[in-house]
Amino acid sequence: MKREKEEEMKKKNEERKEQERLNKLKAESHKEELTCNICLEIFYKPVSIIPCLHSFCGGCLSDWIKKSKECPHCRKQGTQVQKSHNMQNMTELFIKENPEEDRSDEEKKHNDDKDIFTHETYNIEQPSAAVPQRGLFGGLFGMINNNNP
Ligand SMILES: [Zn+2]
Ligand SMILES: [Zn+2]
């Protein structure tokens with residue numbers, strides 16, 4: 001009976017080791033997926049663009065989105081930016097297995113300072129919808145004022 005338990009423990013231990021090895025392999029094979037296309041480093045606080053779902057560091061995309069509403073990777077017009085918990089988890093796992101890929105505290109702070117995606121979702125302003133509305137409203141006001149004696 002005791003012997004059986006020992007065997008079981010040994011088997012469990014081996015299974016755990018195998019799982020760790022697989023996790024590591026998985027993380028390594030994901031390095032490319034976990035690389036930001038803007039800074040070419042492993043993600044830091046990754047976010048994804050909707051609808052194309054390409055991911056970038058929050059700080060990197062914050063700089064970009066001020067200049068362009070298009071995805072830096074595929075150039076598709078974005079409507080929203082969402083925090084990517086999936087990528088965050090994979091990044092954390094990867095960093096745990098490859099601590100040398102982690103950024104310095106200074107770099108992290110620099111990224112945090114830039115990061116405008118502090119909420120779960122961020123709506124990308126759609127210029128084609130917002131601007132003409134204001135123009136129309138202003139135009140109506142102008143007409144009413146002109147008609148008054
Ligand atoms: Zn980046
Ligand atoms: Zn894209």
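The values are calculated or read from the model by the stated rules, or taken from the named source; none is laboratory data. None of the values given here were measured: they were computed from a predicted structure. For neighbour counting, all protein chains shown are included, and Cβ atoms are generated from backbone atoms with ideal geometry for every residue, glycine included.
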Segment 27-52, subset surrounded by 13 or more Cβ atoms within 10 Å (Cβ to Cβ) and free of Cβ contacts under 8 Å to residues at least 24 places away in the same chain, residue farthest from ligand 1 (Cβ to nearest atom): Thr35
Per the filter on segment 41-71, residues away from ligand 2 (no atom under 13 Å from the Cβ), among the hydrophobic types (A, V, I, L, M, F, W, C) and either assigned to a strand (DSSP E or B) or modelled with pLDDT under 95 (or both) are Ile42, Cys57
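The rows are residues; the columns are (1) at pLDDT 90 or above; (2) in a helix (DSSP H, G or I).
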residue	(1), (2)
Ile95	yes, yes
Glu125	no, no
Gly139	no, yes
Gly142	no, yes
Asn145	no, yes
Every residue in segment 95-129 that is over 19 Å from the mean Cα position of the chain (by Cα) and surrounded by 11 or more Cβ atoms within 10 Å (Cβ to Cβ), please. Glu97, Asn98, Gln126
Can you name the residue in segment 53-73 that is more than 9 Å from ligand 1 (Cβ to nearest atom) and touching a residue at least 24 places away in the same chain (Cβ under 8 Å) and is also farthest from the chain's Cα centre (by Cα) among such residues? Lys69
